[in-house]
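The values are calculated or read from the model by the stated rules, or taken from the named source; none is laboratory data. As the structure is a prediction and not an experimental result, all values here were calculated from the model. Every residue, glycine as well, gets a Cβ built from its backbone with ideal geometry; the counts of neighbours run over all protein chains shown.
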Amino acid sequence: MDKKMKCTNCGSHELVRCGIPSEGGGELVSVRNAETYACKQCRHVEFFLLETEIQAIAVREKKQADYEDQVKQYEQKKAALQKQIDELRRVVSDENQTVKAVNEAKEKVMQLENELRNLRKPGNPYSLW
Ligand SMILES: [Zn+2]
């Protein structure tokens, strides 16, 4: 552990690696995902997460960012499909359009509506945990 380590309670640099008291008393126990240090001056205990835990947090942050990107893409795709559908519906209801153009627009609206229905919002990675 870094020598610049300092007790957050009294400012002392005299910290010693130790376990923490357990609920049932007896010997000090180690913390699974952290290193713990006691201040020799004031007995305050400092916790430091293991590097692997920091990496795990980074992985979670990345997953969250990816998820937010996917949601954004989903929202954009949905809005784009809706816009296309709205434009085609104007063609369908336009009396000056040819029967052929109206039929083609109707066909395309059905396709796009189907695509819109099948568009799935990305799952939140946190809901899996
Ligand atoms: Zn201290």
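Annotations for the structure displayed:
- The listed residues are 91, 102, 31, 59, and the only one of them that is assigned by TED's automatic domain parsing to the domain that holds residue 10 and either of a type outside the set (Asp, Glu) or touching a Gly at 6+ places or on another chain (Cβ under 6 Å) (or both) turns out to be 31.
- Scanning segment 95-114 for residues that are of a type in the set (Asp, Glu) and modelled with pLDDT of 95 or more turns up 104, 107, 113.
- Any hit, segment 106-123, residues being closer than 30 Å to residue 7 by Cβ, in a helix (DSSP H, G or I) and either of a type outside the set (A, V, I, L, M, F, W, C) or more than 16 Å from the ligand (Cβ to nearest atom) (or both): no
- If the condition is being among the basic types (Lys, Arg) and more than 18 Å from the chain's Cα centre (by Cα), then segment 29-69 contributes 32, 40, 43.
- Every residue from segment 13-35 that is more than 16 Å from the ligand (Cβ to nearest atom) and among the basic types (Lys, Arg): 32
- Scanning segment 36-65 for residues that are near the ligand (Cβ under 9 Å from one of its atoms), in contact with a Leu (Cβ under 8 Å, 6 or more places away or on another chain) and touching a residue at least 24 places away in the same chain (Cβ under 8 Å) yields 39, 40, 46.
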